[in-house]
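Heads up: the structure comes next, in structure tokens.
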Amino acid sequence: MTDSFIPISKPTIGPRERELVLAALDSGWVSSIGEYIDRFEAEFAKYCGTRYALAVSNGTTALHLAFATLDLKPGDEVIVPDLTFVATANAVAYTGATPVLADVDPDTLCLDPASVRALISPRTKAIVPVHLYGHPADMDALTEIADSHGIAIIEDAAEAHGAEYRGRRVGGLGKCGVFSFYGNKVITTGEGGMLTTDDEAFWQRAKRLRDHAMSPTRRYFHEERGFNYRITNLQAALGVAQLERIGEFLARRAEIMDWYRQVVGVSDSVRLNRVKNWAKSAYWMVCLEVDAFDAERRDEFMRLLKARGIDSRPYFCTMSAMPMYRQKGLPVAGRKADIGLNLPSYFDMTKSDVERIGSEVNDILKSMGVV
Ligand SMILES: *Cc1c(COP(=O)(O)O)cnc(C)c1O
């Protein structure tokens, strides 16, 4: 048996990444000024079809910078999904505003427009669709709600680089898009993030806040409290190289998903990622949901899988289950958080890796009496 351990994810760093990072290093521009930052921003904006992009230190600071640029303050409300990575809600709370938790659609795992509509109040300042696990949210329905109340949409596209909603790439579908380049994301800069927008004034203000809001006319004078959320030229060099390869990365993710669909014994009650006909998913994560699970049985399944050399991770916990945001749970989000998990997917995976995972998954589900 050559059953080596299969991790959930790993980055793909090739000769082009080495070449550009070493060129950045050799140039002496190691900090937050340098040609790769400008290039990364210009090329990322072009990729998303937006006029502007602003590179920052990570996805969480990108979210916070977007909310700070909107001038959120205590008393303001921002609608976020109950099922997301905690950074979405935390970045709202950093401004003093209140994250208001909405339920998710059972297929897309993204904001349910009906749930959002019911939560709109005079204090609502923004809606944050999270394109969870790479699948875009239902943007037309959400945009209609936002527009009819004069509310901004900030897309959390941290997991969905290159995903499309009705043929349009995410990141350019609201006031501002936010991306992460953490090591396990679709493309990586080690740590890093990006804002995308068509709004020139928004971009200018975000850019100023990224660098301590220094006065453009008087050095070391600061008219308001800004941040150091800059990225380095070294990270941006890695980003430029990764962005060149994003088409290849996304094609492989789709191929891996197809392999999974061929080998995992799915049914109405054992499901892999669902994709709407209006969506192109980035397939950031392979998702498995089993109706016969609860949190305990799901965790047991993951333990058994690990004992056979295959890593996995549970779906995110809901925000409403955490001490900082504790409230009555939302039915779909809560259920999904209990029955869902992610299976391995990364560029170097082979079809035989997926076949091995598929047969172990089927076997364990059978041994647990689930199928
Ligand atoms: C990864 C992620 C973030 C945060 O990005 P970091 O670069 O890790 O700070 C925000 N939102 C979602 C949905 C994410 O998956």
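Coordinate-derived values only; no laboratory data. Because the structure is a prediction, the values reported are computed rather than measured. Glycine gets a Cβ as well: all are built from the backbone with ideal geometry, and neighbour counts include every protein chain shown.
Observations
- Per the Debye calculation on the range 202-261 with a single equal scatterer at every Cα and no solvent contribution, log₁₀ I(q)/I(0) for q = 0.25, 0.27 Å⁻¹ amounts to -0.96, -1.01.
- For the range 179-263, averaging the sequence separation of C-alpha pairs within contact (under 8 Å, six or more residues apart) and dividing by the residue count gives a relative contact order of 25 percent.
- Neighbour count of at most 13 Cβ within 10 Å plus DSSP loop: longest GluC sites (Glu not before Pro)-free window in the chain: 1-222
- Each Lys and Arg adds +1 at its Cβ and each Asp and Glu adds -1 at its Cβ; summed about the Cα centre, the chain shows a dipole of about 440 debye.
- When Rg and the Kirkwood radius Rh are both evaluated on Cα atoms of the range 134-245, their ratio Rg/Rh stands at 1.02.
- Fraction of antiparallel bridges per DSSP, the chain only, in percent to nearest 5: 60 percent
- Charge dipole of the range 246-367 about the Cα centre (unit charges at C-beta), most positive-ward option of Ala295, Ala279, Gln262: Ala279
- A Cβ-based charge dipole, computed about the Cα centre of the range 173-256 with Lys and Arg at +1 and Asp and Glu at -1, lands at about 260 debye.
- Kirkwood hydrodynamic radius computed over the range 24-148 comes to 16.1 Å, based on all pairs of distinct alpha carbons.
- Rg and Dmax of the range 1-54, both derived from C-alpha coordinates alone, stand at 16.6, 53 Å.
- Fraction in percent of alpha-carbon pairs per bin - 10 Å, the range 15-244: 9, 34, 35, 17, 5, 0
- Helix 233-244 axis, angle to the chain major axis (alpha carbon atoms, nearest 10°): 50 degrees
- Annotation: amide H-H contacts under 5 Å for Val100 (H modelled 1.01 Å from N, sequence separation of 5 or more, or interchain): Val78, Ile79, Val80.
- The tail of the calculated P(r) for the range 111-191 beyond 19 Å holds 36 percent of all Cα-Cα pairs.
- Listed by chain and number, the lysines whose C-alpha is less than 30 Å from the C-alpha of Lys46, apart from same-chain residues fewer than 8 away, are Lys10, Lys125, Lys175, Lys185, Lys207, Lys276, Lys280.
- Where N is the number of residues in the range 244-345, Cα Rg divided by 2.2 N^0.38 Å: 1.19
- Helical contribution to [θ] at 222 nm, DSSP H n ≥ 4, -39,500 (n - 2.57), averaged over the chain, rounded to 500: -12000 deg cm²/dmol
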